[in-house]
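**Student:** Can you read through this structure? Questions will come right after.
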Amino acid sequence: MEIAVVKYNAGNVRSVLNAFRRLGVEPCLTDSPELLRRADGVVFPGQGEAFGAMEYLHAHGLDELIRSLRQPVLGICIGQQLLCRHSEEGDTPCLGVFDVDVRRFVPKSHSDKIPSMGWNKLSGMRSPLFKALPADPYVYFVHSYYVPVCEWTAAEADYIHPYSASLQKDNFFATQFHPEKSGRVGELILRNFLDIARESSKSIEI
């Protein structure tokens, strides 16, 4: 099982690497097109700023590469946002896998703090990524921008208003939350992704 983690100028990658190691998989952190294409599954994680991240991806040819991947891909946090069409953060054109725009949270009351940081509940889960999860699980978020509920929404959360906590389209999966920081629930989600990648690899071999 080969899992490649996209190397670009984003933070919080080490915790993702360690999460997969705890599941018995040694991931490869790389910006090599060859290694990313060869992997059974690709993870596109990180915390950071959309404009600078897209500049790096474009400069290294990773924007076109990520769009072209056919194995299971998992975007995490800014990885989910960059898979969308456009982000209000820096007025940034993104990868366009999901034809939806990323918006900034606008507080409606004094109690609405930006960024949204902490544990929040998932609802409406509808993806193999959430197989065998308990009802209404809690996961960990840190974000100032969000993806509106849309046709690719695979799970929802609510902060100020409902939004997409997860997206799925074909072989592309994404979570706004951090499964690597979400305890047992997050571990199950990453294990499900490994199962999806394993099954996809078998079908390609056949």
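**Student:** Testing Q80 on (1) open to solvent by less than 50 Å² (accessible area, probe 1.4 Å); (2) farther than 16 Å from T153 by Cβ, one condition comes back false. Which one is that?
**Tutor:** (2)
**Student:** Also, quick follow-up: Could you tell me which of the residues L190, L129, L133, L167 is open to solvent by less than 50 Å² (accessible area, probe 1.4 Å), hydrophobic (A, V, I, L, M, F, W, C), assigned to a loop (DSSP other than H, G, I, E, B) and touching a helix residue (DSSP H, G or I) at 6+ places or on another chain (Cβ under 7 Å)? Break it down stepwise before answering.
**Tutor:** On the way: L190 fails: assigned to a loop (DSSP other than H, G, I, E, B); L129 fails: assigned to a loop (DSSP other than H, G, I, E, B); L167 fails: assigned to a loop (DSSP other than H, G, I, E, B).
Step by step, each of L190, L129, L133, L167 is checked, and only L133 is open to solvent by less than 50 Å² (accessible area, probe 1.4 Å), hydrophobic (A, V, I, L, M, F, W, C), assigned to a loop (DSSP other than H, G, I, E, B) and touching a helix residue (DSSP H, G or I) at 6+ places or on another chain (Cβ under 7 Å).
**Student:** Looking at the structure I just gave you, is E180 more than 12 Å from the chain's Cα centre (by Cα), open to solvent by 10 Å² or more (accessible area, probe 1.4 Å) and either polar (S, T, N, Q) or at negative phi (or both)?
**Tutor:** So E180 does not fit the description; no.
Residues are listed down the side, and each one gets a yes or a no for (1) over 18 Å from the mean Cα position of the chain (by Cα); (2) small (G, A, S):
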{"position": "G96", "(1), (2)": "no, yes"}
{"position": "K108", "(1), (2)": "yes, no"}
{"position": "Y146", "(1), (2)": "no, no"}
{"position": "A155", "(1), (2)": "no, yes"}
{"position": "I160", "(1), (2)": "yes, no"}
{"position": "L167", "(1), (2)": "no, no"}
{"position": "E199", "(1), (2)": "yes, no"}
{"position": "K202", "(1), (2)": "yes, no"}
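**Student:** Within the stretch 53-67, restricting attention to residues that are among the charged types (D, E, K, R) and open to solvent by 50 Å² or more (accessible area, probe 1.4 Å), which residue is modelled with the lowest pLDDT?
**Tutor:** Out of the qualifying residues, it is E55.
**Student:** Among the residues of the stretch 34-52, is there at least one that is at positive phi, modelled with pLDDT under 95 and surrounded by 22 or more Cβ atoms within 10 Å (Cβ to Cβ)?
**Tutor:** Yes.
**Student:** Taking D158, is it part of a loop (DSSP other than H, G, I, E, B) and either surrounded by 17 or more Cβ atoms within 10 Å (Cβ to Cβ) or touching a residue at least 24 places away in the same chain (Cβ under 8 Å) (or both)?
**Tutor:** No.
**Student:** Quick one: would you say F173 is part of a loop (DSSP other than H, G, I, E, B), at negative phi, in contact (Cβ under 8 Å) with a residue 24 or more places away in the chain and open to solvent by less than 40 Å² (accessible area, probe 1.4 Å)?
**Tutor:** no
**Student:** Please verify whether K202 is farther than 20 Å from C94 by Cβ, surrounded by fewer than 16 Cβ atoms within 10 Å (Cβ to Cβ) and either at pLDDT below 95 or hydroxyl-bearing (S, T, Y) (or both), treating the condition exactly as stated. Don't jump to the end; show me each part of the working.
**Tutor:** Details: farther than 20 Å from C94 by Cβ: yes; surrounded by fewer than 16 Cβ atoms within 10 Å (Cβ to Cβ): yes; either at pLDDT below 95 or hydroxyl-bearing (S, T, Y) (or both): yes.
Yes: the conditions hold for K202.
The values are calculated or read from the model by the stated rules, or taken from the named source; none is laboratory data. Model, not experiment: these values are computed from the prediction. Neighbour counts are summed over all protein chains in view; Cβ atoms, including those assigned to glycine, are modelled from backbone coordinates with ideal geometry. Each accessible area value is taken on the protein alone, full model and side chains, heavy atoms only, with ligands, DNA and RNA left out. Shrake-Rupley method; radii C 1.70, N 1.55, O 1.52, S 1.80 Å.
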